[in-house]
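Read through the structure below, which is laid out as structure tokens, and then see the notes.
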Amino acid sequence: MPGNSQRRGAVRREGSKKARTVGSGGQRRRGLEGKGPTPKAVDRPAHKAHKINKAKEAGAARRPARRTRTSSEIVAGRNSVVEALRADIPATTMYVAGRIDADDRVREALTLANERGLPVLETPRGELDRLTDGAVHQGLALQVPPYEYAHPADLMHSELPGVPLIVALDGITDPRNLGAIVRSTAAFGGHGVVVPARRSVGMTASAWKTSAGAAARVPVAQATNLTRALEDYRKAGFFILGLDMDGDVSLPDLELATEPIVIVVGSEDKGLSRLVRETCDQIVSIPMSSSVESLNAGLAAGVTLYEVARRRLGKV
């Protein structure tokens with residue numbers, strides 16, 4: 001077309017494989033040259049989504065790790081509820097069936113709940129059956145809140161006095177053993193108890209009751225990986241001592257008692273697991289009569305804690 005060769009953009013770019021359309025000036029083609037896929041919004045620094053994501057990451061880095069919790073638990077039955085209240089187990093609500101026959105246990109439960117300021121809800125029996133999952137509740141139930149576990153690292157910096165002393169449990173599944181160990185740990189100056197997150201008992205109402213209130217004074221930590229937690233304690237200067245019948249040293253000859261130590265107690269049927277045993281600095285045995293094969297985990301921990309406390313007091 002006459003005169004079009006003088007229009008802006010009508011000159012063909014050198015090296016171009018295709019001529020520009022006369023009249024477009026090549027603007028659309030040049031606008032697309034050298035640009036790849038559009039980045040995601042969070043990857044574009046000027047975008048609001050990018051700034052929000054950065055703020056979340058910064059907040060997560062500053063925020064301390066949450067402590068893990070167990071699920072809520074229901075204690076059912078008149079004797080169990082009364083014993084739980086006597087042991088001062090934390091509770092959030094007590095449920096009482098409508099038109100319940102008030103015997104001495106019910107009256108005591110109501111008195112203890114009122115003294116603690118615990119909410120008491122009159123509940124239809126059908127609802128109590130549902131709450132207790134069909135257990136024999138006898139018209140009385142108690143809701144125990146989730147236990148808030150400490151982190152294993154928290155026990156290294158305990159505010160309790162004395163040389164650090166921690167008890168770790170390897171495969172203990174009986175809540176009464178856990179409660180007894182928590183109680184012995186408190187009695188002999190221990191700074192805390194560590195339990196694995198899997199294949200291990202947690203702080204249930206039964207464990208609370210057996211601890212006789214000691215669980216309110218001695219923290220219980222939960223480790224995602226017990227072996228790794230023990231390695232972290234070792235790096236922090238602790239000696240790891242495992243309890244087993246075939247020990248490297250007998251308990252009365254234990255010379256590491258005055259050092260920062262972690263006492264590892266294995267399960268009654270299997271003892272210490274292989275990885276945990278390999279992590280220990282020493283395996284300690286408790287001398288016993290030949291007629292007794294072994295002590296249960298709670299007793300073994302109590303005897304060992306007593307001996308450690310005795311040595312630390314210098315009464316050897």
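Laboratory data are not the source of any read-out in this text; all were calculated from the coordinates shown. Nothing here was measured: the structure is a model prediction, and the numbers come from that model. Glycine also receives a Cβ, built like all others from the backbone with ideal geometry; neighbour counts cover every protein chain displayed.
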Let me spell out the model: positive unit charges on the Cβ of Lys and Arg, negative unit charges on the Cβ of Asp and Glu, origin at the Cα centre of segment 152-312. What dipole size does that give, in debye rounded to 20? 540
Taking Lys and Arg as +1 and Asp and Glu as -1, residues besides residue 279 with C-beta under 15 Å from its C-beta add up to -2
Remind me, relative contact order of segment 73-144 in percent, using alpha carbon pairs under 8 angstrom and six or more residues apart? 57
The answer for residue 240, listing residues at least 5 apart or on another chain whose modeled amide H is closer than 5 Å to its amide H, is 262, 281, 282
When ranked by the protection proxy of mean other Cβ atoms within 10 Å per residue, highest first, what sequence do the peptides 167-174, 240-247, 131-138 form? 167-174, 240-247, 131-138
Counting only residues 5 or more places away or on other chains, whose amide H sits under 5 Å from the amide H of residue 123 once H atoms are built in the peptide plane? 96, 97, 98
Calculate one ³J(HN,Hα) per residue across segment 230-239 by plugging θ = phi - 60° into the Karplus curve 6.51 cos²θ - 1.76 cosθ + 1.60, and present them in order as whole Hz with x for glycine and proline. 5, 5, 5, 5, 4, 4, 7, x, 8, 9
Give me the net charge for the shell around residue 82: Cβ to Cβ below 12 angstrom, other residues only, Lys and Arg +1, Asp and Glu -1. +1
When only Cα pairs under 8 Å and 6 or more residues apart are kept, what is the percent relative contact order across segment 111-265? 24
Low-density loop positions, GluC sites (Glu not before Pro), segment 83-188 - DSSP coil, at most 15 other Cβ in 10 Å: 159
Residues whose built amide H sits under 5 Å from the amide H of residue 87, excluding neighbours closer than 5 in sequence, are none
